[in-house]
Amino acid sequence: MIQVDISNVWGQISLPDLLSLEKEVFDAHMTLSEGTGAGSGYLGWLDLPAREPTEEIQRVRQAAEQIRFDSDVLVVVGIGGSYLGPRAAIELLQGSHHNIQKGKGDPQIFFAGNSLSTRQWNELQKLLEGKDFSIVIISKSGTTTEPAIAARALRWMLERRYGSDEARRRIYAVTDPTDGALRQMAAEEGWETFVIPPNVGGRYSVLTPVGLLPMAVAGIDIMEVMNGAMDAKESYDLRSFENPVWLYAAVRNLLYRSGKAIELLESFEPDFRSFGAWWQQLFGESEGKDGKGIFPACAELTTDLHSLGQLIQQGQRNLFETMIRFTPPAQKYTIVSDYKDLDGLNYLAGKTLDFVDEQAYLGTLAAHADGGVPVICVDCGELNPRKVGELFYFFQLSCGISAYILGVNPFNQPGVELYKRNMLCLLGKPGYEQ
Ligand code: PA5
């Protein structure tokens with residue numbers, strides 16, 4: 001189980017505060033599990049975890065094997081909830097440099113359609129030169145502009161390179177089972193398709209083929225991910241403050257009510273960066289509405305202690321931190337002794353890098369607690385595919401409960417739709433003139 005330690009928030013909130021929230025947390029959890037709240041048509045993610053591969057998961061694994069066999073590169077096209085989850089899992093488990101020295105058998109994975117940057121597109125075109133590649137187009141609506149533009153361009157590249165029959169075999173679509181332009185196009189062109197269930201919203205879709213197909217192509221054991229999510233579904237159903245999900249959801253709401261409007265999610269693992277981006281979308285889109293919401297920000301430690309540390313320690317007292325820790329890896333690095341000791345580091349000779357990291361963590365915790373910054377500590381244990389599945393479910397469940405405590409619908413995103421509509425109007429898309 002993931003451990004949530006709230007001993008460093010007591011200066012800001014009290015035990016009676018926490019206990020007085022118990023009924024609200026209980027009610028929020030009930031609202032979610034019984035499907036009686038706002039957005040209850042989007043609760044399909046609660047039941048996605050599985051112990052045994054479903055038929056869809058079997059097909060995902062077969063498609064992944066085919067891509068691993070015939071492609072040097074897989075390009076994953078998507079944005080927002082149709083992009084951040086797979087990237088989070090792949091980078092957390094394989095590192096942000098996971099593409100180096102890869103090719104057929106264990107393909108490189110690039111992401112496209114998540115911006116409108118011409119520079120990024122030019123770079124991708126170069127990266128694909130002389131490489132065999134396949135694409136996975138992910139879009140629930142099938143009409144989002146950024147991935148649609150990238151998908152069209154990549155489809156044309158494939159057709160020019162391989163001819164239409166071979167191109168068709170190299171295109172996979174992950175979309176709604178019946179609706180949208182992508183579903184229609186896939187049917188017409190004969191692409192292999194996978195389903196995003198209609199009752200699962202984008203930011204809760206990582207345990208569907210949205211996340212599972214790219215993860216499987218990266219060589220991640222997706223049944224381990226699903227089993228980790230299932231572990232979480234079972235253990236975090238507990239209705240008491242012994243449930244770390246309850247503690248996290250309750251404490252962040254109490255801190256918000258006491259004026260802490262920013263949550264800074266921090267990890268001491270640089271490869272957690274994309275997971276942080278997934279978490280930002282999950283909480284930002286789920287809670288930021290009706291004039292409410294905790295601003296979800298991310299920082300990397302110790303890196304950002306040398307940039308944001310000053311502000312955290314002594315800036316406006318409007319933030320709290322959530323620090324993510326993993327058990328250090330088995331392979332250690334031990335600091336060596338140097339006979340000249342010009343850098344003065346011999347006092348650390350014989351100590352491991354993990355030991356130094358641990359002292360940095362404890363030192364930061366103490367300094368920030370002294371500076372009046374509440375810190376929620378999340379100890380995740382070993383980092384492996386099972387843990388990643390558990391983490392996804394842990395945060396999704398925490399988010400659903402937390403948003404209901406806040407009094408908002410966790411499953412809509414009316415603000416995102418507004419930007420899309422304005423952009424389409426400016427671009428002159430037929431039907432969006434007003
Ligand atoms: O969470 C969401 O709903 C959004 O971030 C969407 O995932 C994002 O806008 C992409 O939408 P679509 O999958 O329809 O292309």
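The values are calculated or read from the model by the stated rules, or taken from the named source; none is laboratory data. This one's a predicted model, so the numbers in the text were calculated from it and none came from an experiment. Quick reminder, even Gly has a Cβ in these numbers, built from the backbone with ideal geometry, and neighbours come from all protein chains shown. Please note that ligands, DNA and RNA were not included when accessible areas were found on the heavy atoms of the full protein model with its side chains. Shrake-Rupley method; radii C 1.70, N 1.55, O 1.52, S 1.80 Å.
Out of region 200-218, which residues are within 13 Å of the ligand (Cβ to nearest atom) and not aromatic (Phe, Trp, Tyr)?
Within region 200-218, 200, 201, 202, 203, 205, 206, 208, 209, 210, 211 meet the criteria.
In region 126-168, how many are assigned to a helix (DSSP H, G or I), open to solvent by less than 70 Å² (accessible area, probe 1.4 Å) and either farther than 22 Å from residue 274 by Cβ or away from the ligand (no atom under 16 Å from the Cβ) (or both)?
Summing the residues that are assigned to a helix (DSSP H, G or I), open to solvent by less than 70 Å² (accessible area, probe 1.4 Å) and either farther than 22 Å from residue 274 by Cβ or away from the ligand (no atom under 16 Å from the Cβ) (or both) in region 126-168 gives 14.
Would you confirm, using the coordinates I've provided, whether residue 393 is of a type outside the set (S, T, N, Q), surrounded by 24 or more Cβ atoms within 10 Å (Cβ to Cβ) and assigned to a helix (DSSP H, G or I)? Talk me through it step by step, then tell me what you get.
On the way: of a type outside the set (S, T, N, Q): yes; surrounded by 24 or more Cβ atoms within 10 Å (Cβ to Cβ): yes; assigned to a helix (DSSP H, G or I): yes.
It is true that residue 393 is of a type outside the set (S, T, N, Q), surrounded by 24 or more Cβ atoms within 10 Å (Cβ to Cβ) and assigned to a helix (DSSP H, G or I).
Would a scan of region 17-30 turn up a residue that is open to solvent by 50 Å² or more (accessible area, probe 1.4 Å), touching a residue at least 24 places away in the same chain (Cβ under 8 Å) and either outside any helix (DSSP H, G or I) or in contact with a strand residue (DSSP E or B) (Cβ under 8 Å, 6 or more places away or on another chain) (or both)?
No, region 17-30 has no match at all.
Out of 338, 357, 290, I need the residue that is touching a residue at least 60 places away in the same chain (Cβ under 8 Å), exposed (fewer than 15 other Cβ atoms within 10 Å of the Cβ) and either assigned to a loop (DSSP other than H, G, I, E, B) or not basic (Lys, Arg) (or both). Which one?
290
Within region 31-43, track down each residue that is outside any helix (DSSP H, G or I) and touching a residue at least 60 places away in the same chain (Cβ under 8 Å).
Those that are outside any helix (DSSP H, G or I) and touching a residue at least 60 places away in the same chain (Cβ under 8 Å): 37, 38, 39, 43.
Within region 33-55, track down each residue that is closer than 30 Å to residue 135 by Cβ, more than 22 Å from the chain's Cα centre (by Cα) and of a type outside the set (Val, Ile, Thr).
52, 53, 55
Okay, residues lined up against (1) in contact with an Asp or Glu (Cβ under 7 Å, 6 or more places away or on another chain); (2) over 21 Å from residue 84 (Cα atoms); (3) crowded, with 21+ Cβ neighbours inside 10 Å:
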position	(1), (2), (3)
226	no, no, yes
232	yes, no, yes
240	no, yes, no
248	no, yes, yes
265	no, no, yes
275	no, no, yes
278	no, no, yes
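Contact list please: Cβ distance under 8 Å, first residue in region 232-261 and at positive phi, second residue open to solvent by 10 Å² or more (accessible area, probe 1.4 Å), pairs at least six apart or on different chains.
Listed pairs, sorted by first residue: 259/317; 259/318.
Consider residue 271 against the criteria (1) part of a helix (DSSP H, G or I); (2) surrounded by 24 or more Cβ atoms within 10 Å (Cβ to Cβ); (3) of a type outside the set (A, V, I, L, M, F, W, C): it satisfies all of them except one. Which criterion is unmet?
Residue 271 satisfies every listed condition except (2).
Only residues that are within 13 Å of the ligand (Cβ to nearest atom), assigned to a helix (DSSP H, G or I) and in contact (Cβ under 8 Å) with a residue 40 or more places away in the chain: list them for region 406-423, please.
Within region 406-423, 414, 415, 416, 420, 423 qualify.
Run residue 296 past the list (1) within 16 Å of the ligand (Cβ to nearest atom); (2) part of a helix (DSSP H, G or I); (3) open to solvent by less than 30 Å² (accessible area, probe 1.4 Å); (4) under 25 Å from residue 12 (Cβ atoms) and report the number of the one that doesn't hold.
Residue 296 satisfies every listed condition except (2).
In region 58-83, which residues are within 16 Å of the ligand (Cβ to nearest atom) and either more than 24 Å from residue 144 (Cβ to Cβ) or in a helix (DSSP H, G or I) (or both)?
Residues of region 58-83 within 16 Å of the ligand (Cβ to nearest atom): 75-83.
Correct list: 80, 81, 82.
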